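Read through the structure below, which is laid out as structure tokens, and then see the notes.
The values are calculated or read from the model by the stated rules, or taken from the named source; none is laboratory data. What you are looking at is a predicted structure, and each value in this text was computed from that prediction instead of being measured. Using ideal geometry, Cβ is built from the backbone for each residue, glycine included, and neighbour counts are taken over all protein chains shown.
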Amino acid sequence: MAFSSNPMTTVNRWLQRYFKRELLPLLADLRLAIALLLVIAVTSITGTVIEQGESLAFYQENYPSDPALFGFLDWRVILVSGLDHVYRTWWYLAILILFGASLTACTFTRQITALRWFSRPWNFYSQPRQFNKLALSGELEQGNLEEISPLLAKRGYKVFTRDRALYAQKGVAGRIGPIVVHASMLIILAGAIYGSMTGFFAQEIVPSGQVFQIRNIFDAGPWAEAQVPKDWAVRVNDFWIDYTPEGVIDQFYSDLSVIDEDGEELTQKTIHVNEPLRYKGVTLYQADWGIAAVKVKLNNSPVLEIPMGQLPTEGKSRIWGTLVPTKPDMSESVSLLATDLQGTLLVYDTNGQLVATVRKGMATEVNGIQLAIVDIIGSTGLQIKADPGIPVVYLGFGLLMVGVLMSYISHSQVWALEADDKFFVGGRTNRAQVAFERELLQIMEAIEPTATAAADATETSAIAP
């Protein structure tokens, strides 16, 4: 007996045997696939419940250590485990890859092997005893292939004959459906992983009239740099809010233009909630709003644009304010407060007393001067997202729906044989057993009126293949 003297050859053979006998069956195990699918579902739910991509202060405020949620879940656990960006953590991607490997192993060991059925010769039955193993079979005193062939063809069967034997089938797509389902799930996983590695999320608060490039990225994959646009920017042409007659916000809008490096407009769209702007794989959503500045005139001065900032209110309301000096030496001033863009501002003196209420386009006298409100400038809050994996995921879901529909198609097979002056007919199907039995009995009865009784007498089991 000859033995290989090359240790690498021995190792390779051992690895091949281990892969085929140990690893591949383990990966193809349905129980493993179900367990991984449940883990993916639980972690995805966690990523939906726990806010993603927020600041450290946010998690410290909402997930304190004392008391910790469920006794253990605090901001430290969230940050260390990566629950603040679940879909980009190494362990979540590892679970997706392992699930993909399990699906691939199952596809090649169980599903792809079914394709060999299409390349083999048709399995004609040549002996009457072969019909005994079928779920439904009948022995007819009369009948021939010339009679049964058109009956089967009329019901959608594709008929093949050889000598005095017949084989017919329909619903071949039902055998391919599970393969399409597996392939579509692999495509969905590939798209999700690709999107996690190359996508990004960003937020921008931009006043009306300004141009910005996407820079405030708070969550991005390791390969997302190539997706961040560098050859175009966005101009906020205008921002406004529609209010109901009761003064409640109805909708807020942003008129946006995508411009190139020379300032030329490439595309333009007015966006609002649930109606984003999409350009070259980047989507801009209307997400928030604010007040950026107020334009005022003091007596006959030029129009002054004074920035406004949001004041801390512990989440009870949203108020923006600014300080307007009323003397050149800034010895006297007033505070302007606004809660919306409807144009009404509250004027307070240095003692915190309300001294006037003024609307946009109007003026009031404070500290001996005429204070006119020219305009209130709003700022739009945009959420920006790029996920190159979305088209791949959509393709996978489309194939998944097709595959599921194909899987519901019954694959039915019928055999017939002329032998010993008798006519043998039998068949089986992978689903809709009752409907198939009714169909085959109708075919037998059309050939011989007493076929139903004969079939009932020879039918061994409606379940056994």
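Of all residues in the stretch 118-134, count the ones that are modelled with pLDDT under 85 and touching a helix residue (DSSP H, G or I) at 6+ places or on another chain (Cβ under 7 Å). Summing the residues that are modelled with pLDDT under 85 and touching a helix residue (DSSP H, G or I) at 6+ places or on another chain (Cβ under 7 Å) in the stretch 118-134 gives 0. Can you tell me how many residues in the stretch 265-288 are part of a strand (DSSP E or B) and either at pLDDT below 90 or among the hydroxyl-bearing types (Ser, Thr, Tyr) (or both)? Going through the stretch 265-288 one residue at a time, the tally reaches 7.
In the stretch 187-212, the residues that are of a type in the set (D, E, K, R) reach residues that are surrounded by fewer than 19 Cβ atoms within 10 Å (Cβ to Cβ) with C-beta atoms within less than 6 angstrom, at least six apart or across chains, in these pairs: 204/212; 204/216.
Scanning the stretch 387-437 for residues that are out of contact with any helix residue (DSSP H, G or I) (no Cβ under 9 Å at 6 or more places or on another chain) and among the aromatic types (Phe, Trp, Tyr) yields a single hit, 436. Candidates in the stretch 79-117 are the residues that are at pLDDT 85 or above and β-branched (Val, Ile, Thr); of these, the one that is surrounded by the most Cβ atoms within 10 Å (Cβ to Cβ) is 86.
Going through (1) in contact with a Gly (Cβ under 8 Å, 6 or more places away or on another chain); (2) at pLDDT below 90; (3) not acidic (Asp, Glu) one by one, residue 174 falls short only on (1).
Within the stretch 342-363, the set of residues being of a type outside the set (S, T, N, Q) and exposed (fewer than 13 other Cβ atoms within 10 Å of the Cβ) comprises 352, 354, 361. Within the stretch 375-392, does at least one residue satisfy the condition of being buried (at least 19 other Cβ atoms within 10 Å of the Cβ), among the hydroxyl-bearing types (Ser, Thr, Tyr), over 30 Å from residue 138 (Cα atoms) and in contact (Cβ under 8 Å) with a residue 24 or more places away in the chain? Checking the stretch 375-392: at least one residue is buried (at least 19 other Cβ atoms within 10 Å of the Cβ), among the hydroxyl-bearing types (Ser, Thr, Tyr), over 30 Å from residue 138 (Cα atoms) and in contact (Cβ under 8 Å) with a residue 24 or more places away in the chain.
Residues of the stretch 318-369 that are of a type in the set (Gly, Ala, Ser), in contact with a Leu (Cβ under 8 Å, 6 or more places away or on another chain) and either more than 24 Å from residue 248 (Cα to Cα) or not assigned by TED's automatic domain parsing to the domain that holds residue 250 (or both): 333, 335, 363.
Among the residues of the stretch 379-420, those that are farther than 28 Å from residue 284 by Cα and of a type in the set (S, T, N, Q) comprise 407, 410, 412, 413. Counting the residues of the stretch 136-163 that are touching an Asp or Glu at 6+ places or on another chain (Cβ under 8 Å) and of a type in the set (A, V, I, L, M, F, W, C) gives 3.
Residue 190 meets the conditions (1) buried (at least 20 other Cβ atoms within 10 Å of the Cβ); (2) not assigned by TED's automatic domain parsing to the domain that holds residue 146 in every case but one. The failed one is (1). Among all residues of the stretch 445-452, there is none that is outside any loop (DSSP other than H, G, I, E, B), at pLDDT 90 or above and surrounded by fewer than 17 Cβ atoms within 10 Å (Cβ to Cβ). Only helices (runs of 4 or more DSSP H) whose full extent lies in the stretch 12-104 are considered here, and the ones with at least 1 residues that are of a type in the set (Lys, Arg) are 30-49, 75-81.
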